[in-house]
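Working notes, beginning with the structure itself.
The values are calculated or read from the model by the stated rules, or taken from the named source; none is laboratory data. In this text, all values refer to a predicted model and were calculated from it rather than measured experimentally. When we count neighbours, we look across all protein chains shown, and the Cβ atoms used for this are built from the backbone with ideal geometry, even at glycine. Side chains are part of the model used for accessible areas, which takes the heavy atoms of the whole protein and leaves out ligands, DNA and RNA. Shrake-Rupley method; radii C 1.70, N 1.55, O 1.52, S 1.80 Å.
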Amino acid sequence: MIRGVVSKSTGSWYKVRTENGTVIDCRLKGKLKLTKTGVTNPIAVGDKVELELEEGQSLNGLISNILDRDNYIIRKSVHKNHQAHILAANIDQLIVIASLTLPRTSLGFIDRLLVSAESYGIPAWVIFNKADLLSEEELEYVDILAEMYSTIGYPSIITSASARLGIKEFQNILEGKTSLLSGHSGVGKSSLVNAIAPGLDLSTREISTFANKGKHTTTYAEMFQLSENTFIVDTPGIKELGLIEMEEDNISNYFPEMRAISSQCKFHNCSHRHEPGCAILKAIDEGKLPLTRYESYLSMVDGDDNRR
Ligand SMILES: Nc1nc2c(ncn2[C@@H]2O[C@H](COP(=O)(O)OP(=O)(O)OP(=O)(O)O)[C@@H](O)[C@H]2O)c(=O)[nH]1
Ligand SMILES: [Mg+2]
Ligand SMILES: [Zn+2]
């Protein structure tokens, strides 16, 4: 019995990195036809599995068992309404990569990813890439955003993969951890990885400036080893992020800055929208809570689909 971690999954075959570092191409063992409903990929990157080598083969195997997950991040499938897709399992931290331009990442989108991480108890970072494209004024704005997220508890840095700005900091964030990189298509996830590990030579692509919307360049999530204990999962850009497995009236619990004071609301089931004695509305009024985060909260409670 060999144990390993899934480093890539196309749905029909899997790359599994074993404990001694060998990479084995695997299929699922016949009896392991996973019938878990609602998930397009029952085995995801980061999953710990057991495998058997195929007769007479040293680099081909059959996955015979999947071990329990410590955690995972899931998103709603874009095409199939009720299907969900596991972005990755068993990760230490989520790195949200955003850019202010080409493409523009909305704060609502960033906050959705953060809520997702929060709901799975996974620490998260926010990285604003493509700083080289920003004017002085825009840079000041990104500084304010980075400061805001850092204060809330999501350490935030500003980078440029092309101008090699903040690359050392990026590398330090990843050190010794397994990190999931996520964000819209074209924000520079693969480029940032290339900036610290040129040997990987991940494909990156010019995005169409017409619509400012990237076409996916990375097509499958894949885990790469950067050093002995450092792994990153590069993922295809996300267009839309649905929240699932979350009780609506709990959403404020996934905003740490709201969670910290919501016990001071007059009503324990306060929706923080119109109730008298709402500690959150008061804090917003007094400028003690960031308005943009509160707006994201409202849009999530209202179930707005976040295509911005
Ligand atoms: N000006 C500038 N361009 C960048 C920067 N980082 C990446 N790019 C460019 O942005 C485009 C998209 O970069 P990718 O690294 O492919 O983006 P991605 O997030 O991996 O995209 P998907 O794989 O589709 O999700 C490429 O043309 C990169 O050269 C940056 O810091 N500054
Ligand atoms: Mg990519
Ligand atoms: Zn309230």
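Using the crude model of +1 on Lys and Arg Cβ and -1 on Asp and Glu Cβ, and no other charge, please compute the dipole size for the range 248-301 relative to its Cα centre, in debye to 20. Please list the in-between numbers first.
Details: 6 positive and 7 negative charges, 25 e Å.
The calculation lands at about 120 debye.
For a Förster distance of 25 Å, can you work out the FRET efficiency between the beta-carbons of LEU67 and LYS288, rounded to the nearest 0.05? Before the final figure, lay out the partial values.
Details: r = 44 Å, r/R0 = 1.77.
After rounding, the FRET efficiency stands at 0.05.
Could you provide, to the nearest whole Å², the per residue accessible area of the chain with probe 1.4 Å? Could the numbers behind the result be given before it?
Details: 15310 Å² over 308 residues.
Accessible area per residue: 50 Å².
For ASP201 and VAL301, what does the FRET efficiency come to when R0 = 45 Å and r is the distance between their Cβ atoms, rounded to the nearest 0.05? Don't skip to the answer; put the middle values down first.
Working: r = 43 Å, r/R0 = 0.96.
So the FRET efficiency works out to roughly 0.55.
Taking the simple approach of a point 7 Å from Cα along Cα-to-Cβ for both ARG273 and ARG104, what is their distance in nm?
Simple spin-label model gives 2.7 nm for this pair.
So what's Rg/Rh here for the chain, counting alpha carbon atoms and using the Kirkwood radius for Rh?
Details: Rg = 20.5 Å, Rh = 20.6 Å.
Expressed as Rg/Rh, it is 0.99.
So which residue, out of TYR294, TYR14, TYR141, gets the largest mean-square fluctuation from a GNM of the chain using Cα contacts under 10 Å as springs?
Highest fluctuation of the listed residues: TYR141.
Beyond a 20 Å Cα-Cα separation, which of these cross-linked pairs lie in this structure: LYS76/LYS239; LYS15/LYS76; LYS48/LYS168; LYS130/LYS288?
LYS15/LYS76; LYS48/LYS168; LYS130/LYS288
Which FRET efficiency value, to the nearest 0.05, is calculated for ASP132 and GLN264 with the Förster distance at 45 angstrom and r the Cβ-Cβ distance? Intermediate values should be presented prior to the final figure.
Working: r = 43 Å, r/R0 = 0.96.
Taking R0 as 45 Å, the efficiency between ASP132 and GLN264 is 0.55.
For the chain, give the percent of accessible area contributed by carbon and sulfur heavy atoms, probe 1.4 Å, rounded to a whole number.
Details: 7370 of 15310 Å².
Here it works out to 48 percent.
With only alpha-carbon atoms counted, please give the Rg and Dmax of the range 2-66, in Å.
Cα radius of gyration and Dmax of the range 2-66 are 11.0, 36 Å respectively.
What value, in deg cm²/dmol to 500, does the helix sum -39500 (n - 2.57) over DSSP H runs of n ≥ 4 give at 222 nm once divided by the residues of the chain? Write out the running numbers ahead of the final one.
Working: 7 runs with 68 residues, N = 308.
The helix contribution divided over the chain gives -6500 deg cm²/dmol.
Say each of ASP92 and SER150 gets a label point 7 Å from the Cα, pointing the same way as Cα to Cβ; how far apart are those two points in nm?
Each label point lies 7 Å from its Cα, and together they span 2.1 nm.
Roughly how many nanometres apart are two label points built 7 Å out from the Cα toward the Cβ at MET1 and VAL23?
With each label placed 7 Å out from Cα toward Cβ, I get 2.7 nm.
State to the nearest 20 debye the size of the charge dipole of the chain about its Cα centre, where the only charges are +1 on K and R beta carbons and -1 on D and E beta carbons. Show your work: numbers first, answer last.
Working: 33 positive and 39 negative charges, 184 e Å.
Here the size comes out at about 880 debye.
Once you've got the GNM for the chain with C-alpha springs shorter than 10 Å, pick whichever of SER179, SER203, SER64 has the biggest mean-square fluctuation.
SER203
Please flag any cysteine in the chain that has no other cysteine's Cβ under 4.7 angstrom from its own Cβ.
Singleton cysteines: CYS26, CYS278.
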